[in-house]
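Here, each number is a calculation from the coordinates, and none is a lab measurement. This structure is a prediction, so every number in the text was calculated from the model and none was measured. Using ideal geometry, Cβ is built from the backbone for each residue, glycine included, and neighbour counts are taken over all protein chains shown.
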Amino acid sequence: MNRRLTLACASLAWIAPAFTGAQMNQANAIPELPQVPAEARQAAAAIDAEKIRAHVRFLSDDLLEGRGPGLRGAEIASQYIASQFMLSGLKPAGENGKYFQKVPLLAVHTLEDKTSFTLEPKNGGPIQLKYGEDYVTKDETGATAADIDAPIVFVGYGIEAPEYQWNDFKGVDVKGKVLLVIVNEPPSQDEKFFKGKALTYYGRWTYKYEEAARRGAVGVLIVHRTDLASYGWEVVRNSQAIEKSYLQNDPLSTLKAASWIQMEVARKLLGGVGIDADKAIDAAGKPGFKAIELPVRLKAHIASRIRKYDSSNVIAMVPGVSDKQQAVFFTAHYDHLGIDPDMKGDNIYNGAADNATGCGILLEIARAFAESKIKPAHAVYFAAVTAEEQGLLGSEYLGMHPPIPSSRISLDLNYDMLMPIGIPLSADVSGAERTTFYSVVQSTAKELHLELEPDPTPGAGHYYRSDHFSMARFGVPAFSVGQGTLFEGHDPEWGLNQAKDFVAKHYHQPSDEYHHDWDFSGNAKMAQFGFLLGWQASAMPAVVGWQSGDEFEAARKKSMGGK
């Protein structure tokens, strides 16, 4: 999980008494929702907290070596998940009649001591940049060595957004050039303009790389400014210091230099040609901005260590009453960070909360659907995806190669990192309000006594940092089902404090380990919530849509042939 730190996270130090599955079911009787028949409600009520516990315990064991994609531990995890699907009676929905969908990946590690960046202005001396201190970069192409000698074009935020009448590329050809772009997106208080304070995908650095690739650029220099990015330079530097994976043959991974530079470097670069960098950034956020080709070239040599490998998504399905090609999807990522061979002491990133919990919930919802006395209206698919920690790659591949056309996928419900700390009284379903399914989400939450909490930090762009986003990019209405901050027996501050403690001490650390006295009753309740949502989505005569004007509405229409 390298994107969505929900405030439902919690401290591993807090220990609650475990509820048995029977106690959980008795305490949380399933309400009589209009579109959920009694037999389906019984199936939801049979969701067992202790079965979720068993899955989490195994998947986070040292035996699985942190479930690094392409490595032995992840292979064990994928085989385990496939076996559980089989035991529950789900049909394989991967490739060639099996549960597995192969995901071909490419790992890139920049060799810092052999990589160089120099800014060469038309007038004046060259500026030699220091790796890590001034810039970081990755060559997405898979080459072990690449050279660049190209002009730099300042394209503001590097965004083309027709729905906001915004185009930073108007009147400029950037093919074969290096783009200088600003992190984030044009500042706004108007919810009709880049959604005001909320971050859209246009502000994410991944979009900027993709748009540059679409236009044939050879490199990108994203200007990091802490107040705009909402995180410091060390976050950027540390994320680039490690190996980064890409999908093999990804048409949008073509940049020889996908890079970040410090704000001070941008000041030197622009100041050397008579442009005040801070004023230029301010101007770039206002209508009327025009791209500028600078009298400066980037001369660079990028050396990389390359590793090609395969991992797998694990996909299964429960048939519906109708044979119509329409389905609901459930997703959760099973990979984590593997082992750090250079770390002393405990060096296994077990990923118990992140995301063995999501997998345990996925498997238990799958069992409940498969063992229900009646079938859902349409098929329901379950996908445990790989390489989420590498950039949502497994789910991206699933979105590119779904088992049925994406136009026929009604909804994707994703689970990612739900701490087993007791029974939640609130839920975080940020993004659900963007879909036509939201009224069902609201009514179901009310019946389960779950208060729906708004995204506490809309500017951080959490929606774009988990696997549901990969499906949304292909037009599928999607969101994650997570806990909120309110828990039974605790005041509101308790949940917030647990979140802060977990992030500070255990997130992406070897200490994210299974604890035998964790309380999985809350995980079971969130599984029941998802089951009921999925059942109702399946019962709809037509697929779910996006709210009018949403940024993913166009992708939905495109997948449906423009209808």
**Message:** 5 Å is the cut-off here: which amide hydrogens, built 1.01 Å from N in the peptide plane, fall below it relative to S480, excluding neighbours closer than 5 in sequence?
**Reply:** N414
**Message:** What distance in nm separates the two pseudo spin-label positions at H109 and I404, each 7 Å out from Cα along the beta-carbon direction?
**Reply:** 4.3
**Asked** With each label point set 7 Å from Cα along the Cα-Cβ vector, what nm distance links E120 and N96?
**Response** 5.0
**Complete:** One finds, for I339 and M86 with R0 = 30 angstrom and r their Cβ-Cβ distance, a FRET efficiency to the nearest 0.05 of 0.55
**Asked** Taking 0.36 nm per residue of separation and subtracting the Cα-Cα distance, what length does fully extending S188 through E371 add?
**Response** 60.9 nm
**Message:** Between segment 541-563 and segment 228-250, how far is it from one alpha carbon centroid to the other, in angstrom?
**Reply:** 31
**Item:** Label point at I127 placed 7 Å out along Cα→Cβ; residues across segment 278-312 whose backbone nitrogen lies under 20 Å
**Value:** 278-285, 291-302
**Prompt:** So which helices of the chain fit the span-like rule, where a helix is a whole DSSP H run, its Cα atoms reach 15 Å or more along the axis, and its mean Kyte-Doolittle is at least 0.5?
**Reply:** 357-371
**Item:** Global geometry of segment 500-563, whether rounded, prolate or oblate, following the gyration tensor of its Cα atoms and the 1.5 cut on a/c
**Value:** oblate
**Request:** As a check on your grasp of the helix formula, calculate [θ] at 222 nm for the chain: sum -39500 (n - 2.57) over DSSP H runs of n ≥ 4, divide by the residue count, round to the nearest 500.
**Result:** -8500 deg cm²/dmol
**Prompt:** Is segment 54-119 best put as rounded, prolate or oblate by its Cα gyration tensor, with a ≥ b ≥ c the root eigenvalues, rounded for a/c under 1.5, and otherwise prolate when a/b is larger than b/c, oblate when not?
**Reply:** oblate
**Message:** For the ranges 318-331, 48-61, 452-465, what's the packing order if you count other beta-carbon atoms within 10 Å of each residue, average per peptide, and put the highest first?
**Reply:** 48-61, 318-331, 452-465
**Item:** All lysines inside 16 Å of K286 as judged from Cα atoms, apart from same-chain residues fewer than 8 positions distant
**Value:** K170, K192, K195, K197
**Item:** All lysines inside 23 Å of K375 as judged from Cα atoms, apart from same-chain residues fewer than 8 positions distant
**Value:** K51, K91, K98, K324, K525
**Listed residue pairs exceeding 23 Å between alpha carbons, taken from K130/K268; K279/K299; K177/K208** = K279/K299
**Item:** Beta bridges per DSSP with both ends in the chain, % antiparallel, nearest 5
**Value:** 60
**Request:** Could you go through segment 332-343 in sequence order and give the Karplus-derived ³J(HN,Hα) for each residue, using 6.51 cos²θ - 1.76 cosθ + 1.60 with θ = phi - 60°, rounded to whole Hz, and x for Gly and Pro?
**Result:** 6, 8, 9, 7, 9, 9, x, 10, 9, x, 8, 8
**Asked** Highest mean first, what order results for 367-378, 334-345, 120-131 on Cβ atoms within 10 Å?
**Response** 367-378, 334-345, 120-131
**Asked** If you wrap a convex hull around the C-alpha atoms of segment 274-409 and split its volume per residue, what is the figure in Å³?
**Response** 252
**Prompt:** Rounded, prolate or oblate: which one fits segment 361-456, using the alpha carbon gyration tensor with axes a ≥ b ≥ c (rounded when a/c is under 1.5, else prolate when a/b beats b/c, else oblate)?
**Reply:** rounded
**Prompt:** Given K138/K500; K138/K505; K102/K244, which pairs have Cα atoms separated by over 27 Å?
**Reply:** K138/K500; K138/K505
